[in-house]
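Trainee: I have a structure I would like to understand better, so I am pasting it below and will then ask my questions one at a time.
The values are calculated or read from the model by the stated rules, or taken from the named source; none is laboratory data. Note that the structure is predicted; figures quoted are calculated from it, not measured. Cβ coordinates were reconstructed from backbone atoms using ideal geometry, including for glycine residues, and neighbour counts include every protein chain displayed. Keep in mind that these areas ignore ligands, DNA and RNA; they rest on the heavy atoms of the full protein, side chains included. Shrake-Rupley method; radii C 1.70, N 1.55, O 1.52, S 1.80 Å.
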Amino acid sequence: MSDQPRNLVFEQRTANGLHPVRHAPERALMVGVEAGRPVWSLDDSLAELAQLASTAGVDVIGEVTQKLDTPNPATLVGKGKLEEIRKLKETEGYDLLLFDEELSPRQQRNIEEALNVKTLDRTGLILDIFARHARTREGRLQVELAQLEYRLPRLTRLWTHLSRQTGGTGGAGVGLRGPGETQLEVDRRRARERIARLKDELKQVHEQRELYRQKRRQAGTPVVALVGYTNAGKSTLLNALSDAGVLAADVLFATLDPTTRQVALPDGREILLTDTVGFIQRLPTMLVAAFRATLEEIAEADLLVHVLDITHPNAAEQAHTVEEVLKELGLGDKPRIVALNKIDKLIGHERENGPGATPAGADNIGDRLIEEMGIPADYVPVSAQAGIGLDRLLARIEDELNHNLLTVTVRIPYSQGDLVAQFHRKGTVLAESYEETGTLIEGRLPRRLQPLFADYIV
């Protein structure tokens, strides 16, 4: 199911310095259970699991599936299927089991004890990828918190001994005699203490972000957030519109930390465009909780741009997943635009012009696709990679933001010249004249800025 295994390179310190040491990737067998999937088929979900495994540096050697009316509460799969998986270990030599479903701590422990092989579910795999890709302090804190909350109820599978710490009689010392703690109890206590510290640190991060958002609200600059399924091209689009220089790779969850850049609209106004963490089906709940501060960037946005990879075979399922996650976050009614990305692949643009080339009359390509494919008017076909349809997208963003503007007439005293400058910078000036008592401006302002001008509205 995969290409040749890729050796993982680590560095080992010796007397002569650091030297690369190659380790073969883990060989994984995927296990999927079909027990009523309303949106994603089992085959499609396993294909995505294989892509997740590849992102984590794991070599998938095969898959096993089972259709069940009721999953086994002890091992998820039935006894016969578990025996089949055990025999495959002897013949195929895998050293990792990857379950597409989320396993309970009990199921994970029972499977590992029965097969004597490391077992990981979809949630654990996603957490591992997040840990690999977290770059900032905030990102690392969020990932570590999610990992600890996931692993805490599973600590029992990590220890095969129950050695007591201190305890006993004799020379243990005052206050240290007695049965002591098991190693497992020590680990659980330390994990809970670490979770508490992480939550405190993330609370500080949240407060800092909130201060930043308050200043941003006072400035009145519209905020537009890019949302979408992982690997839909959000970072590439941000780079294309702003020269942000964000890592854009053809892997799942290449970027986790939000990046915000200023972008000019066709009328000259500036917006703040924010790239956010990608979504995925069955996004782990502990990740949603841990990334609260990051996801609040979406909640604070005036407008969402849903970036959808129109060429993906599961584009419809991915779009449904994004909409469901937004609903779970309470953002189902947030204004949005859908950007159908990677249209260059639909028309063989790269084959005809080479990667990154922009043909003459590129805007006509979007027009043709709208007509030929029956794309709704509120969808914008673009190619972030080839630079097609970006002007059309910025114009649509401008139109949507204008719907959120209030038409006002204000008379601003000459002593408040900064407010005049802010009206020009953040709003749209339709008419301006100079009177004896101040500057008279007729125009449109973002609703959030109205309180700043309330005393001067005519």
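Trainee: Among the listed residues 103, 52, which satisfies the condition of being in a loop (DSSP other than H, G, I, E, B), buried (at least 19 other Cβ atoms within 10 Å of the Cβ) and at pLDDT 90 or above? Talk me through it step by step, then tell me what you get.
Mentor: Numbers: 52 fails: in a loop (DSSP other than H, G, I, E, B).
The conditions single out 103.
Trainee: Taking the stated definitions as given, is residue 444 assigned to a strand (DSSP E or B), of a type in the set (Lys, Arg) and either under 26 Å from residue 266 (Cβ atoms) or in contact (Cβ under 8 Å) with a residue 60 or more places away in the chain (or both)? Walk me through how you get there before you give the answer.
Mentor: Working: assigned to a strand (DSSP E or B): yes; of a type in the set (Lys, Arg): yes; either under 26 Å from residue 266 (Cβ atoms) or in contact (Cβ under 8 Å) with a residue 60 or more places away in the chain (or both): yes.
In short, yes.
Trainee: Find the residue count for the stretch 310-325, including only residues that are in contact (Cβ under 8 Å) with a residue 60 or more places away in the chain, open to solvent by 20 Å² or more (accessible area, probe 1.4 Å) and among the β-branched types (Val, Ile, Thr).
Mentor: 1
Trainee: Mind checking which residues of the stretch 384-401 are open to solvent by 40 Å² or more (accessible area, probe 1.4 Å) and part of a helix (DSSP H, G or I)? It would help to see each step written out before you state the result.
Mentor: Initial filter on the stretch 384-401 (open to solvent by 40 Å² or more (accessible area, probe 1.4 Å)): 385, 391-392, 396, 399-400.
Result: 391, 392, 396, 399, 400.
Trainee: Test residue 287 against the criterion of being buried (at least 22 other Cβ atoms within 10 Å of the Cβ) and within 20 Å of residue 215 (Cβ to Cβ), and give yes or no.
Mentor: Details: buried (at least 22 other Cβ atoms within 10 Å of the Cβ): yes; within 20 Å of residue 215 (Cβ to Cβ): no.
Answer is no for this residue.
Trainee: Would you point out the residue of the stretch 59-80, among those that are touching a helix residue (DSSP H, G or I) at 6+ places or on another chain (Cβ under 8 Å) and among the aliphatic types (A, V, I, L, M), that is most open to solvent (accessible area, probe 1.4 Å)?
Mentor: Restricting to residues being touching a helix residue (DSSP H, G or I) at 6+ places or on another chain (Cβ under 8 Å) and among the aliphatic types (A, V, I, L, M), the top hit is 61.
Trainee: May I ask you to list the residues in the stretch 187-206 that are basic (Lys, Arg) and either touching a residue at least 40 places away in the same chain (Cβ under 8 Å) or over 16 Å from residue 154 (Cα atoms) (or both)? Before you say what the answer is, go through the steps one by one.
Mentor: Quick first cut of the stretch 187-206, residues basic (Lys, Arg) only: 188-190, 192, 194, 197, 199, 203.
Scanning the stretch 187-206 gives 192, 194, 197, 199, 203.
Trainee: How many of the residues making up the stretch 212-227 are modelled with pLDDT of 75 or more and surrounded by 18 or more Cβ atoms within 10 Å (Cβ to Cβ)? Let's see the steps before the verdict.
Mentor: Residues of the stretch 212-227 modelled with pLDDT of 75 or more: 212-215, 221-227.
This time we only want the ones that are surrounded by 18 or more Cβ atoms within 10 Å (Cβ to Cβ), so: 221-227.
The total comes to 7.
Conditions (1) surrounded by fewer than 18 Cβ atoms within 10 Å (Cβ to Cβ); (2) under 15 Å from the mean Cα position of the chain (by Cα); (3) of a type outside the set (Phe, Trp, Tyr); (4) closer than 22 Å to residue 382 by Cα, marked per residue:
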| position | (1), (2), (3), (4) |
| --- | --- |
| 281 | no, yes, yes, no |
| 296 | yes, yes, yes, no |
| 300 | yes, no, yes, no |
| 304 | no, yes, yes, yes |
| 308 | no, yes, yes, yes |
| 327 | yes, no, yes, no |
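Trainee: Within the stretch 228-249, is there a residue that is part of a strand (DSSP E or B) and modelled with pLDDT of 90 or more?
Mentor: In the first step, residues of the stretch 228-249 are kept if they are part of a strand (DSSP E or B); the result is 228-229.
Add one more test, that the residue is modelled with pLDDT of 90 or more, and what stays is 228-229.
The answer is yes; a qualifying residue exists.
Trainee: Next question, about the same structure. Considering each residue of the stretch 252-271, count those that are in a strand (DSSP E or B) and either open to solvent by 20 Å² or more (accessible area, probe 1.4 Å) or among the small types (Gly, Ala, Ser) (or both), and give that number. So that I can check it myself, show each step before the final result.
Mentor: Filtering the stretch 252-271 for residues in a strand (DSSP E or B) gives 259-264, 270-271.
Pick out the ones that are also either open to solvent by 20 Å² or more (accessible area, probe 1.4 Å) or among the small types (Gly, Ala, Ser) (or both) and you get 259-262, 264, 270.
Looking only at that region, the number is 6.
Trainee: Looking for whichever is over 16 Å from residue 111 (Cβ atoms), surrounded by fewer than 10 Cβ atoms within 10 Å (Cβ to Cβ), at pLDDT 90 or above and over 30 Å from the mean Cα position of the chain (by Cα) here; the options are 91, 14. Which one fits?
Mentor: Working: 14 fails: at pLDDT 90 or above.
Among 91, 14, only 91 is over 16 Å from residue 111 (Cβ atoms), surrounded by fewer than 10 Cβ atoms within 10 Å (Cβ to Cβ), at pLDDT 90 or above and over 30 Å from the mean Cα position of the chain (by Cα).
Trainee: Further, regarding this structure: Need pairs with beta-carbon distance below 6 Å; first residue free of Cβ contacts under 8 Å to residues at least 24 places away in the same chain and within the stretch 111-130, second β-branched (Val, Ile, Thr); sequence gap 6+ or separate chains.
Mentor: Sorted first by the residue in the stretch 111-130, then by its partner, the pairs are 119/111.
Trainee: Which residues, counting only those in the stretch 427-440, are under 18 Å from residue 268 (Cα atoms) and either at pLDDT 85 or above or open to solvent by less than 20 Å² (accessible area, probe 1.4 Å) (or both)? If you could, list the steps in order and put the result at the bottom.
Mentor: Just the residues of the stretch 427-440 that are under 18 Å from residue 268 (Cα atoms), to begin with: 427-432.
Passing the criteria: 427, 429, 430, 431, 432.
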